[in-house]
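K.L.:
One structure, as structure tokens, below. Some questions next.
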Amino acid sequence: MTISEFERASASVKALNPHLFGAPKGPVGAEESPPPKIGAPLFSRGDMNRTEREFAAMLERQKRAREIVRYDFEGITLRWADMRYTPDFVVIKFVPAPLNFIEVKGGHIWDRDIVRFKGARAYWPEFEFEMWQKRGTRWCRLH
């Protein structure tokens, strides 16, 4: 294979392979954008962020103290009408409500998150819903 076979390569491929393509070309004095970081953590479904990991540690202590039966991260997705809501944690308690859905938030809460949370709570009144926010070093229950 020759370089000519890759002449339509994207800028990010060229930036990651300067040994093949040479230095990126651009106007003189123009700042080069840094190449994308390889292996940078990306949070996606199934991956807990730092706030969620801290809350999971609290749930684990409750489980070991036999205050709750079990918890799962993003264990259930609730659907109604054209809406969908995946709570951060599903917690199974002993009593009174056996199933509890917990949403964990950091410093900022998006309006759409509150709408989905309240919609799910209204549609499934037989379950318990909680929203917690970490403010500084304290946890505050919002709903």
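K.L.:
Residue 86 - would you say it is in contact with a Phe, Trp or Tyr (Cβ under 8 Å, 6 or more places away or on another chain) and among the hydroxyl-bearing types (Ser, Thr, Tyr)?
P.N.:
no
K.L.:
Taking the stretch 78-98 as the search range and keeping residues that are in contact (Cβ under 8 Å) with a residue 12 or more places away in the chain and of a type in the set (Lys, Arg), which one is farthest from residue 134 (Cα to Cα)?
P.N.:
84
K.L.:
Of all residues in the stretch 114-143, count the ones that are under 26 Å from residue 66 (Cβ atoms) and either among the charged types (D, E, K, R) or loosely packed, with under 10 Cβ neighbours inside 10 Å (or both).
P.N.:
Matching residues across the stretch 114-143 total 6.
K.L.:
Okay, moving on. Considering the stretch 99-113 alone, what residues qualify as being touching a residue at least 12 places away in the same chain (Cβ under 8 Å) and surrounded by fewer than 18 Cβ atoms within 10 Å (Cβ to Cβ)?
P.N.:
99, 100, 106, 107, 109
Throughout, read-outs are computed from the coordinates displayed, never taken from laboratory work. Note that the coordinates shown come from a computational prediction; the quantities given were computed from them, not determined experimentally. In this analysis, Cβ positions are derived from the backbone assuming ideal geometry, glycine residues included, and neighbour counts consider all displayed protein chains.
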